[in-house]
1. Considering the convex hull of the alpha carbon atoms of the range 74-184, report its projected area averaged over all viewing directions, in nm², one decimal.
2. Only bridges whose two residues both fall in the chain count here: according to DSSP, what percent of them are antiparallel, nearest 5?
3. May I ask you to derive the FRET efficiency for residue 236 and residue 155 from their Cβ-Cβ distance with R0 = 22 Å, giving the value to the nearest 0.05?
4. Give me the percent of DSSP beta bridges within the range 101-237 that run antiparallel, rounded to the nearest 5.
5. For residue 297 and residue 87, FRET efficiency with R0 = 41 Å and r from the beta-carbon atoms, rounded to 0.05?
6. Using alpha carbon centroids, what distance separates the range 202-225 and the range 237-310, in Å?
7. Quickly rank 283-290, 13-20 as a protection proxy: mean count of other C-beta atoms within 10 Å, highest first.
8. Along the Cα-to-C-beta direction of residue 110, a point sits 7 Å from the Cα; which residues of the range 144-172 have their amide N less than 18 Å from that point?
């Protein structure tokens with residue numbers, strides 16, 4: 001089975017860019033023509049609008065980027081119809097040759113974690129029959145509950161050649177409330193370190209359990225572009241870890257802020273942009289698809305160019 005990090009590296013080389021397009025459909029920002037056509041009289045109509053919008057975005061960016069990242073919360077907010085829409089856009093992305101990263105930030109313990117993991121990745125099994133659900137290539141995971149809670153996600157990912165991205169240093173303004181707390185191991189003699197570095201240490205160990213031929217593991221780290229100093233520190237601490245870098249674009253992260261995320265060969269990171277690509281202009285503009293494509297091309301041009309391999 002083809003290793004997740006190798007698939008990511010090959011896709012990044014093929015497209016020549018590490019750009020990941022986040023699919024975060026927000027009703028108030030959708031193009032007016034889509035909102036008018038579907039209306040907002042029911043959750044079903046909103047879900048249909050989300051599906052159309054994301055599908056058309058996928059078609060515009062499929063030849064330009066290696067991966068898309070649907071944010072499950074927007075679809076879950078539409079109830080059952082939203083989950084159908086999410087399934088459909090994941091399928092559409094795969095048909096267009098894109099890798100898919102389901103952004104759900106899941107975690108729990110024991111059988112609950114297994115259910116979350118298998119639904120997102122390897123598929124669920126009942127009475128000996130396996131049923132695919134989301135079939136994403138990777139999933140974001142919260143590590144707060146520890147290794148026993150992360151284990152089901154690692155196992156599910158490794159059964160299907162998928163990946164797991166663990167929250168390490170997130171891009172939000174309040175990230176430091178817990179992530180910067182200085183923690184000293186019980187009985188330890190070394191100085192304390194910020195909590196996010198303890199999490200990073202665990203992620204490094206998990207990634208080293210299953211390295212691809214590219215030298216990266218199937219366990220990645222979410223590290224925000226809005227904290228460039230920490231990003232540079234973590235790249236030194238985690239040489240075998242693939243980074244997912246949110247915060248580029250609308251959240252304030254600039255191209256120069258993400259440079260430290262990459263290995264010398266230009267690999268090792270996926271840089272996500274959502275709002276800056278999805279909603280670059282006036283919702284009333286009928287040429288919104290062209291603006292999405294231009295915003296994607298502009299982001300590609302701003303980021304390091306990865307040597308192309310056919």
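What follows draws every value from the coordinates through simple rules; no lab data is involved. Worth saying up front: this structure is predicted, and the values here are computed from it rather than measured. Reconstructed Cβ throughout: ideal geometry from the backbone, glycine too, with neighbour counts over all protein chains shown.
1. Average projection, Cα convex hull of the range 74-184: 8.7 nm².
2. 20
3. 0.15
4. Looking only at bridges with both residues in the range 101-237, the antiparallel portion is about 35 percent.
5. 0.90
6. The range 202-225 and the range 237-310 have Cα centres separated by 20 Å.
7. Per-residue mean Cβ counts within 10 Å order the peptides as 13-20, 283-290.
8. 145-153
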